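Remarks on the structure that follows.
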Amino acid sequence: MSGPSLAGRDLSAPSGHGDRRFQPSLVDRRRRRARQLLRSLPLFAFAALVLGVDWHAGRFATTENAAQIASQAAPTVVVAVGMTFVMLTGGIDLSVGALMFVGAGLAGHLALSGAPFAAAAAVMVVVGLTGGLVNAVLVTRLGLIPFVATLATLYIGRGVGRWITETRAMNLPEDFLAFGAAAWLGIPAVVWVAALVAVAGQFGLSCTPFGRQLYALGSNADAARKAGVNTRRLTAAVYAVSGACAGLGGLLALSRLGSVSPRFGELYEFEAITAAVLGGASLYGGRGQVLPGTVVGAGLITTIFSALVTLQANPYLYPLITAVVIFAVVLIDTLYTRPSAG
């Protein structure tokens, strides 16, 4: 006997239980919605913060204040771009603030001795790059855990910086402040620099083999190694990028302050990590983006502190609020990572 005819049947429709494996389950849909919500959370928080402070204190959501916040956020954006590259590999760089301090101390001595602004600026970037290469050697050649290696260079850098500055503030020549106050097309120069770094960073991640290999390394180092990726060289490169970004970010911060204090660069490592994670980067590696992610995260952090000043909050609350933000960021990353691992 011949089997039942297939004529008139809709072959595109699912037939039987076997096709259900191709349909997303309710749990999968919920996880996808949760990931989308967590990804959008920084933008919602940013908008709510601006509108709430403007409603309470007034004159917060203005063009002038936005330009001021953008200028304040520029150094954090640059440092956080480098941190994003490191975090994509599953690493961390705690030394960025110390590298900023060492570079600022050397640049300050050069500037006070009569060296041009360009020479002092180049020294800061070179110092940052050199520190990044030291971290790269510690991690890739000596096999130290990134947290331990960069924690060590943080303390070493702080000690070297205090030795260079003799723990005294240095007021720099007007060249530094002139750069920090400069504007092109009505936009502060430091914002232009941060924007160029962010665009270059996102281009490198999205449009180059280097960026694709970073995601592969962070997602599965063994698989990337078996696919022919030079994981050691790639890891070394991201620490060099992070160090160079720390030097450039220190230059932007110094050009706005005009002086090197014994606490210059402190807590920038935590701000950079927080900005990257708020922007979608994972502490476990393999996920993150500069635009709009890290940039939005840096803007949100800076806006929070600007709002505290506007609201005349107790300065002693700042560390507590910083701790709450960092805890929330780690919690978001854990919730964001958990669904994707399911």
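Data for the structure
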| read-out | value |
| --- | --- |
| Search result, residues across segment 110-125 that are part of a helix (DSSP H, G or I), touching a residue at least 24 places away in the same chain (Cβ under 8 Å) and surrounded by fewer than 16 Cβ atoms within 10 Å (Cβ to Cβ) | Leu112 |
| Helices (runs of 4 or more DSSP H) contained entirely in segment 201-307, each with at least 2 residues that are open to solvent by 30 Å² or more (accessible area, probe 1.4 Å) and farther than 28 Å from Val123 by Cβ | 209-219, 221-226 |
| Any hit, segment 105-124, residues being among the aromatic types (Phe, Trp, Tyr) and closer than 27 Å to Gly293 by Cα | no |
| Failed condition for Lys226, given (1) free of Cβ contacts under 8 Å to residues at least 60 places away in the same chain; (2) more than 29 Å from Ile145 (Cα to Cα); (3) among the charged types (D, E, K, R) | (2) |
| First in segment 200-221 and within 13 Å of Val290 (Cα to Cα), second anywhere and open to solvent by 60 Å² or more (accessible area, probe 1.4 Å) and outside any helix (DSSP H, G or I), Cβ under 7 Å, 6 or more apart | Gln202/Gln289; Leu205/Gln289 |
| Residue in segment 147-173 that is most open to solvent (accessible area, probe 1.4 Å), counting only those that are without any contact (Cβ under 8 Å) to a residue 40 or more places away in the chain and more than 15 Å from Ile92 (Cβ to Cβ) | Trp163 |
| Members of segment 161-191 found to be over 21 Å from Ala104 (Cβ atoms) and outside any loop (DSSP other than H, G, I, E, B), listed by number | Ala183, Trp184, Ile187 |
| Cross-chain or 6+ apart pairs with Cβ under 6 Å, segment 133-146 first and in contact (Cβ under 8 Å) with a residue 60 or more places away in the chain, then surrounded by fewer than 16 Cβ atoms within 10 Å (Cβ to Cβ) and not in a loop (DSSP other than H, G, I, E, B) | Thr140/Arg232 |
| Number of positions in segment 105-147 that are of a type in the set (Phe, Trp, Tyr) and at pLDDT below 90 | 1 |
| Residue tally, condition over 13 Å from the mean Cα position of the chain (by Cα) and open to solvent by 10 Å² or more (accessible area, probe 1.4 Å), over segment 81-100 | 3 |
| Of all residues in segment 308-336 being of a type in the set (Phe, Trp, Tyr) and closer than 30 Å to Gln202 by Cβ, the one that is most open to solvent (accessible area, probe 1.4 Å) | Phe327 |
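The values are calculated or read from the model by the stated rules, or taken from the named source; none is laboratory data. Keep in mind it's a predicted model, so treat the numbers as computed, not measured. When we count neighbours, we look across all protein chains shown, and the Cβ atoms used for this are built from the backbone with ideal geometry, even at glycine. Just so you know, the surface numbers come from the protein's heavy atoms only, side chains and all, with ligands and any DNA or RNA stripped out. Shrake-Rupley method; radii C 1.70, N 1.55, O 1.52, S 1.80 Å.
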